[in-house]
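So the structure is just underneath, and the comments pick up after that.
The values are calculated or read from the model by the stated rules, or taken from the named source; none is laboratory data. Values in this document were obtained by computation on a predicted structure and should not be read as measured data. As a convention, Cβ positions derive from the backbone with ideal geometry for all residues, glycine included, and neighbour counts pool all protein chains shown.
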Amino acid sequence: MSCATALGGAYRKGDGVLFPFPLLYGYAEALRRAGVEIRTRCEVTSVRQVGGLFEVITPSGPVRAKKVLNAAGGWSSSVAGMLGVEIPTRPVRHQIMVSEPLLPVLDPMVVTIKDGFYMSQGPRGELVGGIKESGAHGNDPARSSIGFCQQMSRRIVSLFPRLSAARMMRQWAGFYDMSPDANPILDELPGREGAFVACGFSGHGFMISPAVGDFMASLIVGERPRFGREAYRLSRFAEGKGVHETLVIG
Ligand SMILES: Cc1cc2nc3c(=O)[nH]c(=O)nc-3n(C[C@H](O)[C@H](O)[C@H](O)COP(=O)(O)OP(=O)(O)OC[C@H]3O[C@@H](n4cnc5c(N)ncnc54)[C@H](O)[C@@H]3O)c2cc1C
């Protein structure tokens, strides 16, 4: 790695890298074993309150429930809008580039704070990383762009000159669901008792997902979450109580 432009650095031996799909499949499998029905590719098109229940309309029929949770990522604010509640989050595109599998070349995940670059090497040898997109408009569609491909390739070669011959295999784009203070919103919706929201993860939702699950489970069954109840309320923005998270990578 070239440290020519680095002023300093930090190495945290205890940090690790976790790949999302095995975790997600593990959660899904555990839910199925517990008797939960999971419907994939099933879009919620509207939600209304009928009597004491919520009726969630989907192409595969309505679902009625006493309690609902909006965890729609970058689409959370539009899903909340179905219940007439405004949530101040917005989807911002971020992209990832993945190389062909390589022999082990990178042990820790490398992050450069200044330009939001990060890269790690996966278990099959692929280098996986992203960078804060220059020239992003803030309302770009979740599609890959040539500009990102060029920017990322240049950055990889400037930091790791020996990787100039590495071939990139694929690229993908998704949304960070950005909240005004870059911290999540974990709450019951005001005036909609029984409707909950977990959104605004601002690019760091995966690593905190077990704690978020624990938090939301407590909230939904009417218990006090074990940490941070006040910090993640929706009302903090109107009350000017948000504490801004400065470390948003990418
Ligand atoms: C490029 C990129 C890199 C990232 N890197 C990291 C990282 O290194 N570490 C980290 O911790 N986090 C990272 N994140 C952020 C992380 O992916 C998110 O914070 C996390 O996935 C949020 O989880 P979620 O379940 O709330 O939302 P999502 O994972 O976005 O899931 C929301 C789901 O809701 C579905 N949905 C939306 N609207 C509807 C509807 N109307 N009806 C039905 N379903 C709907 C969507 O299809 C989607 O499946 C990254 C994100 C991106 C885009």
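Couple of notes before you dig in:
- Within segment 193-209, considering residues that are more than 19 Å from Ser78 (Cβ to Cβ) and away from the ligand (no atom under 11 Å from the Cβ), the one surrounded by the fewest Cβ atoms within 10 Å (Cβ to Cβ): Glu193
- Residue count for segment 206-226 satisfying the condition of being without any contact (Cβ under 8 Å) to a residue 60 or more places away in the chain and of a type in the set (Ser, Thr, Tyr): 1.
- Scope segment 32-60; condition part of a helix (DSSP H, G or I) and either surrounded by fewer than 10 Cβ atoms within 10 Å (Cβ to Cβ) or not basic (Lys, Arg) (or both); matching residues: Arg33
- Single unsatisfied condition, Met109 versus (1) near the ligand (Cβ under 9 Å from one of its atoms); (2) outside the structural domain of Arg124 (by TED's automatic domain parsing): (2)
- Among the residues of segment 66-77, those identified as out of contact with any helix residue (DSSP H, G or I) (no Cβ under 7 Å at 6 or more places or on another chain), within 18 Å of Pro190 (Cα to Cα) and surrounded by 12 or more Cβ atoms within 10 Å (Cβ to Cβ) are Val68, Ala71, Ser76, Ser77.
- When Pro141 is tested against the conditions (1) away from the ligand (no atom under 16 Å from the Cβ); (2) out of contact with any helix residue (DSSP H, G or I) (no Cβ under 7 Å at 6 or more places or on another chain), the lone failure is (1).
- Residue in segment 78-104 that is farthest from the chain's Cα centre (by Cα), counting only those that are under 16 Å from Phe201 (Cβ atoms), more than 8 Å from the ligand (Cβ to nearest atom) and among the β-branched types (Val, Ile, Thr): Ile87
- Among the residues making up segment 96-109, those that are β-branched (Val, Ile, Thr) and modelled with pLDDT of 95 or more are Ile96, Val98.
- For segment 168-183, the criterion of a residue being exposed (fewer than 15 other Cβ atoms within 10 Å of the Cβ), away from the ligand (no atom under 15 Å from the Cβ), of a type outside the set (Gly, Ala, Ser) and on the phi < 0 side of the Ramachandran plot is satisfied by at least one position.
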